[in-house]
1. Between residue 64 and residue 6, 0.36 nm times their residue separation minus their Cα-Cα distance comes to what?
2. So if a site counts as exposed when it's one of the GluC sites (Glu not before Pro), its DSSP state isn't H, G, I, E or B, and it has at most 16 other Cβ atoms within 10 Å, what's the longest stretch of the chain without one?
3. Which one, 43, 127, 199, projects farthest toward the positive side of the charge dipole computed for the chain from Cβ point charges (K/R +1, D/E -1)?
4. Report the paramagnetic label zone for residue 167: residues of the stretch 121-156 whose backbone N is under 12 Å from a point 7 Å from Cα along the Cα-to-Cβ axis.
5. Which pairs in the list 108/168; 42/153; 42/77 are over 31 Å apart, alpha-carbon to alpha-carbon?
6. If the elastic network links every pair of Cα atoms under 10 Å, which of 88, 34, 150 fluctuates the most in the Gaussian network model of the chain?
7. Does the stretch 137-205 classify as rounded, prolate or oblate by the C-alpha gyration tensor (a ≥ b ≥ c root eigenvalues; a/c under 1.5 gives rounded; else a/b over b/c gives prolate, otherwise oblate)?
8. Considering the alpha-carbon set of the stretch 91-153 alone, what are its Rg and its Dmax in angstrom?
Amino acid sequence: MTLSLENLTIHKNGGEVLFSDCSFQIESGEVLTLMGPSGCGKSTLLDVIAGHLSSEFTFSGSVTLNGQRIERLEPHKRRVGILFQDDLLFPHLNVWENLAFALPDDCKGIQREQSAMDALASVQLTQVASQYPEQLSGGQRARVSLIRMLLAKPEAALLDEPFSKLDKELRFQFRDWVFEQLTAANIPTLMVTHDESDVPADSRVLTWPWNNHYA
């Protein structure tokens, strides 16, 4: 699996260029980190890849996942998973129901609950299966959020400063666990952050500005 961007340029509708000619490629099991200050366009770049770009912006260039151009596909057809700063769990669903929501449509009936329970068992969270998000600790919510993303079987993962709202001790524990899970999933991962401590050891980093070079 490979995620690649070629000559991505993003404009604000007023004509201002947010960034230009951004190109890189990420291989299976690899994490590439984009570093940059607030407001430089990190989250906007992820929006282009995921298909959630605001009407405030336009873009040119290509996004290719496993040999298929995806930049004009509807978001649900892109097979791209996203982990945000906020966990975005559904408050009206309990934990296993939140996980079951992410499962492919061909997983039906009791199989959905069993798959969700198996996923919770794999991360030692079976005991919270019937609890609601508001009843979980921050670390538990973060783990459930990542597992929900992976249950959808994405072919690439995007991380939008996913550790920034966790306290320092939990942040480092969760960061290491996230990268273990993504390595096991063997999918290309793009993370954006402004904090060097988020970057996994021995991984590639592109620092702002990202244009005019290929990584």
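No value in this document is a laboratory result; all are computed from the given coordinates. Please read all numbers here as calculations on a predicted model, not as lab measurements. Don't worry about glycine lacking a Cβ; one is built from the backbone with ideal geometry, like all the others, and counts go over all protein chains shown.
1. Numbers: separation 58, 0.36 × 58 = 20.88 nm, distance 0.84 nm.
Using 0.36 nm per residue and subtracting the Cα-Cα distance, I get 20.0 nm.
2. Values: sites that count: 16, 56.
Result, exposed sites excluded: 57-215.
3. About the Cα centre, the residue reaching furthest to the positive side is 127.
4. 138-139
5. Values: 108/168 40 Å; 42/153 24 Å; 42/77 22 Å.
Table pairs above 31 Å Cα-Cα are 108/168.
6. Largest GNM mean-square fluctuation: 88.
7. Working: a/c = 1.76, a/b = 1.10, b/c = 1.60.
The shape class here is oblate.
8. Just the Cα atoms of the stretch 91-153 yield Rg and Dmax of 10.6, 32 Å.
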